[in-house]
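The values are calculated or read from the model by the stated rules, or taken from the named source; none is laboratory data. Since the model is a prediction, treat every value here as computed from it, not as a measurement. Note that we place each Cβ from the backbone using ideal geometry, even for glycine, and neighbour counts take in every protein chain shown. Surface areas here come from the heavy atoms of the whole protein model, side chains and all, with no ligands, DNA or RNA. Shrake-Rupley method; radii C 1.70, N 1.55, O 1.52, S 1.80 Å.
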Amino acid sequence: MKLLGAALAALLMMQGAVRAEDFSLSQACPPSFQKVDGLCQFRSLYQLYPSLEGQGVGGLKTGLPPIRDGFSPQQIDLGRYLFFDPLLSADGTVACASCHEPDKGFADGRGRAIGITGEPVKRSAPSLWNVGFLKRLFWDARADSLEAQMEGPLYDAMEMGNTREGLLAALNGNLNYRRLFATAFERPATNEITLAEIYLAIAGFESSLISLNSRYDYYAHGQADALSEEEIEGLNVFRSFVARCAECHTPPLFTNQQIAVIGTPEPEGMARDTGVAGPTGDPTLRGGFKVPSLRNVALTGPYMHSGRFKTLEEVGDFYTKGRGHAVPEGEELYLHWHIWEPQLRPEEVKSVAAFLQALTDESMKPETPAAVPSGLRVGARVLD
Ligand code: HEC
Ligand code: HEC
């Protein structure tokens, strides 16, 4: 009976509930963007500061790197539907949002992400907040654009398991999408949807995920009481030449976008992830990873490329225990020279963790659509 009910509900979802007129595309740019000649241009207080990008630690009033912007509101909104629609996977069960959940800092709360096979993949799903600023993507920095990155999960047998042909057939076979793409790209609905259009719309949505409005930002822009005493103490430790955190996790994005070998241990029983040495073949980058942004980091545990640490305090302990302490005997890693022996006191580790909480800002979180054009379950894949 229960099964019958579920089947009936699914049928109703497919047939009745989702009608073309239920879907229209926003004509307004997301917050942080201003519409200029129909396209969304990024606007932030940080743009008023002279950029010191690439010049050491920088101050709190350091400029941002350029962002991918210039998408139309309709393209961004179409990207939002695509992001939440499991139609993009081979069997209609996994959406981008399955592993990048808005309520989990656009990560998934797991050490290692789980895709279409139900088995954990090799690495942890990173947050997507502020991803439009990043020059290189993936933990091992192997993609240099959002478009190139997307081809990973879409066609990976363990993630969404699709093929280019399968993806195009699914979207072109859906009248809602035919109509929405026609609107977003200002062309007839009789044209076939192309991969370039799909990628562009999703890239537009990803680039709209801005988190630069945390209590830390208020402090950086001059509001001295936006942080508590403990958080200011944590910020000072974070920026100190003892802890050196800010030399890699450089404000305002809290990443210098470089690669560093820091000697993170792997989860119990897992072989060492070769990191950037994989795609580059450079043995000095064995175990090297892209420095992750720490924006919204309080929401995205467990931490590191394979989720080895559960809490921010555990991460703090890892750094304070000193250079190479977790590198197994016989393993040769070329550790970055900024990883040294900070020997932070427990209260300093605690204050850094407190400071990192002040980087939380979800005020511009996009709305999860109530339904997606395929009629499938929004953001599908409910595991537990
Ligand atoms: C099965 C879970 C899963 C799905 C589905 C998934 N991702 Fe991911 N995503 C991951 C994992 C895991 C990584 C890191 C992989 C790595 O570095 O090797 C990642 C990395 C990324 C990154 C790089 C972020 C950074 O800071 O380097 C972006 C951007 C991204 N995903 C966007 C998407 C989009 C867009 C989709 C849908 C087309 C998608 N993901 C679908 C798990 C997933
Ligand atoms: C030499 C550059 C460097 C320095 C210095 C550094 N980090 Fe990191 N940090 C990294 C890299 C690289 C990773 C990713 C490593 C991995 O996944 O194995 C990382 C990961 C993290 C993470 C996990 C983020 C996530 O999303 O999983 C946190 C939190 C963090 N660092 C905080 C700190 C703090 C606090 C300090 C100072 C005590 C610090 N870092 C110093 C390079 C650095």
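Worth pointing out:
- Contact map, region 301-322: first residue closer than 16 Å to residue 288 by Cα and in a strand (DSSP E or B), second residue open to solvent by 30 Å² or more (accessible area, probe 1.4 Å) and more than 16 Å from ligand 1 (Cβ to nearest atom), Cβ cut-off under 9 Å, separation 6 or more or different chains; pairs are 303/310; 303/311; 303/314.
- Members of region 115-162 found to be without any contact (Cβ under 8 Å) to a residue 60 or more places away in the chain, open to solvent by less than 20 Å² (accessible area, probe 1.4 Å) and assigned to a helix (DSSP H, G or I), listed by number: 150
- Total residues in region 72-104, condition part of a loop (DSSP other than H, G, I, E, B), open to solvent by less than 20 Å² (accessible area, probe 1.4 Å) and aliphatic (A, V, I, L, M): 2
- The set of residues in region 211-231 that are part of a helix (DSSP H, G or I) and of a type in the set (Gly, Ala, Ser) comprises 220, 224, 226.
- Criterion (under 26 Å from residue 64 (Cβ atoms), modelled with pLDDT of 95 or more, near ligand 1 (Cβ under 7 Å from one of its atoms) and not small (Gly, Ala, Ser)) met by exactly one of 126, 153: 126
- Among residues of region 23-48, those that are on the phi > 0 side of the Ramachandran plot and open to solvent by 70 Å² or more (accessible area, probe 1.4 Å), counted: 1
- Region 274-291: number of residues that are within 14 Å of ligand 1 (Cβ to nearest atom), surrounded by fewer than 22 Cβ atoms within 10 Å (Cβ to Cβ) and assigned to a loop (DSSP other than H, G, I, E, B): 2
- The condition of being more than 7 Å from ligand 1 (Cβ to nearest atom) and under 17 Å from residue 208 (Cβ atoms) does not hold for residue 119.
- If the condition is being surrounded by fewer than 19 Cβ atoms within 10 Å (Cβ to Cβ) and in a helix (DSSP H, G or I), then region 169-182 contributes 169, 172, 175, 179, 182.
- Only one of the listed residues (327, 372, 352) is within 16 Å of ligand 1 (Cβ to nearest atom) and among the hydrophobic types (A, V, I, L, M, F, W, C). That residue is 372.
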